[in-house]
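The values are calculated or read from the model by the stated rules, or taken from the named source; none is laboratory data. Since this is a predicted model, take the numbers as computed values, not measurements. Because the Cβ atoms are built from the backbone with ideal geometry, glycine has one as well, and the counts that use them run over all protein chains shown. Accessible surface areas use protein heavy atoms only, side chains included; no ligands, DNA or RNA. Shrake-Rupley method; radii C 1.70, N 1.55, O 1.52, S 1.80 Å.
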Amino acid sequence: MITVEDARALLFDLVETLPVETVPLAEAAGRVLSQDVSATRDQPPFAASSMDGYAVKAAEVELHAMFKLVGESAAGNRFDGVVGPGQAVRIFTGAPVPEGADFVVIQEDVDRKGDLITISDDPGQKTNIRPAGIDFTKGTTISAPRVIRPEDMALMAAMNIPQVPVARKPQIALISTGDELVMPGEVPGPDQIIASNTFGLKALLERKGAHVRILPIARDTASSLETAFGLAKGADLVVTIGGASVGDYDLVSEVSEALGMDRSFYKIRMRPGKPLMAGRMGDAAMVGLPGNPVSAMVCGYLFLVPLVRRMLGLEAILNPFKTAVLTEPLAANGPREHYMRAIVDENGIRACADQDSSLLSVLADANALLMRPPKDPAWPAGAQVQYLLL
């Protein structure tokens, strides 16, 4: 058995950053920006009024000063003339400041009669003008790699970037194995259960930026597994769930190796999730997960998510551990690294009472994995521990 850290290192050697593709801006949200993009213009492209009011010369601004209106500047329809001495232009928020003006008196500080205005209240020192390029200038860069947020979308639109270079989504094929499984909605036999792992893993990996296909359940025969592997053709990563242990019906290792899988490792010194296998099969990386539902999901968080992030070219491949104070004592840990389902809140963290790796209800209640190093001693309430947020 190898450590979690060693397993990750070997896994990362199995995949590479995926190629770049260009998508329309409207389809870029949530994708990973793979190349820097730059603004094609200044924003704003002209000095603009930040208020509704009147554009005048700053040198003439004083209480009771009078001006003659000579025109209007609105957003999208500027005043083409020049503001001369004693003149004012009616201006609206976002409109270009006309040539010759360098101050906007807000409309609340002005009395207007016909085409004459008088400054009736102290206008203050603020010019109420946004200089050209105050937001960004031509050539301003959004740096890659990054997951594109809604805020990035708005910024790229303002920068007039209609096409966005992003990392191609990792294509992942999920194969559940076992005669005991049926799909949700089917009627299970007396000895069967519903396949659940693929649906949790699909949601997890798609949330992280992958495209995931759930393939038909592979039965406990070599021919069924061979068919499933054939259906996975074209995937960057093939993930099997179950069948990777050493029982008489655990055929994943045997069949995958017969199909040319070059195994990198088998078994990790951790729980849950010890019987994890990985390697390369043709053009794809392959990971064989244990069949216990919690084991599969924990391995998804610890290994598959970092693999997806690596394929997307993200710099922060691993989520950092956080620390919290125990609110309940913990017994000593055994010889394997243990990722315990836990609940963290403003008071601290506590491990869930039942850590059986088949209990999805406990995983659904948890919001963290409390990490116990091998042979970690017992800890009282109040001790600091490490955890990963789910």
Item to complete: Report the accessible area of His211, computed with a 1.4 Å probe over the heavy atoms of all protein chains in place, in Å² rounded to the nearest 10.
Response: 80
Practice prompt. Amide H neighbours of Gly291 under 5 Å, at least 5 residues apart or on other chains, H built in the peptide plane: list them.
Written response: Gly242, Gly243, Ala244
Worksheet item: Pick from Ala173, Ala26, Ala222: which is most flexible by mean-square fluctuation in a GNM of the chain where alpha carbon atoms under 10 Å apart are linked?
Response: Ala26
Response to the item:
Scalar couplings 3J(HN,Hα) for segment 41-46 by Karplus 6.51 cos²θ - 1.76 cosθ + 1.60 (θ = phi - 60°), nearest whole Hz, x for Gly and Pro, are 7, 7, 9, x, x, 8
Discussion item. Taking loop as defined by DSSP and a crowding limit of 16 other beta carbons within 10 Å, which chymotrypsin sites (Phe, Trp or Tyr not before Pro) in segment 185-257 fit?
Written reply: Tyr249
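Using just the alpha carbons, could you tell me how many Å³ per residue the convex hull of segment 79-158 encloses?
On the way: hull volume 11.9 nm³, N = 80.
About 148 Å³ per residue, rounded to a whole number.
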Practice prompt. Could you let me know the centre-to-centre spacing of segment 155-188 and segment 278-300, using Cα atoms, in angstrom?
Written response: 16
Worksheet item: At 4 °C and 1.567 mPa s, what whole-number value in µm²/s does Stokes-Einstein give for the translational diffusion of segment 1-132, with Rh from the Kirkwood sum over Cα pairs?
Response: 70
Discussion item. Just to confirm the filter: which trypsin sites (Lys or Arg not before Pro) across segment 279-375 are DSSP coil and have at most 16 other Cβ within 10 angstrom of their Cβ?
Written reply: Lys375
Worksheet item: GNM on the chain, C-alpha springs below 10 Å: top fluctuator among Arg271, Arg219, Arg90?
Response: Arg90
Discussion item. Please compute, for the alpha-carbon atoms of the chain, the extent along each of the three principal axes and give them in descending order in Å.
Written reply: 96, 51, 41
Response to the item:
Within the chain, excluding any GluC sites (Glu not before Pro) found in a DSSP loop (not H, G, I, E or B) and having at most 16 other Cβ atoms within 10 Å, the longest uninterrupted segment runs 187-314
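For Ile268, Ile317, Ile194, what's the largest-to-smallest order of accessible area, 1.4 Å probe? Mind dumping the intermediate values first?
Values: Ile268 0, Ile317 35, Ile194 75 Å².
My answer, sorted largest first, is Ile194, Ile317, Ile268.
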Practice prompt. Classify segment 212-295 as rounded, prolate or oblate, taking a ≥ b ≥ c as the square roots of the eigenvalues of its Cα gyration tensor: rounded when a/c is under 1.5, otherwise prolate if a/b is larger than b/c and oblate if not.
Written response: rounded
Response to the item:
Checked segment 170-272 with the C-alpha gyration tensor, a ≥ b ≥ c its square-rooted eigenvalues, rounded below a/c of 1.5, otherwise prolate if a/b is larger than b/c and oblate if not; verdict rounded
Item to complete: Quick one: compute the contact order of the chain, relative version, from alpha carbon pairs under 8 angstrom and 6+ residues apart, as a percent.
Response: 16
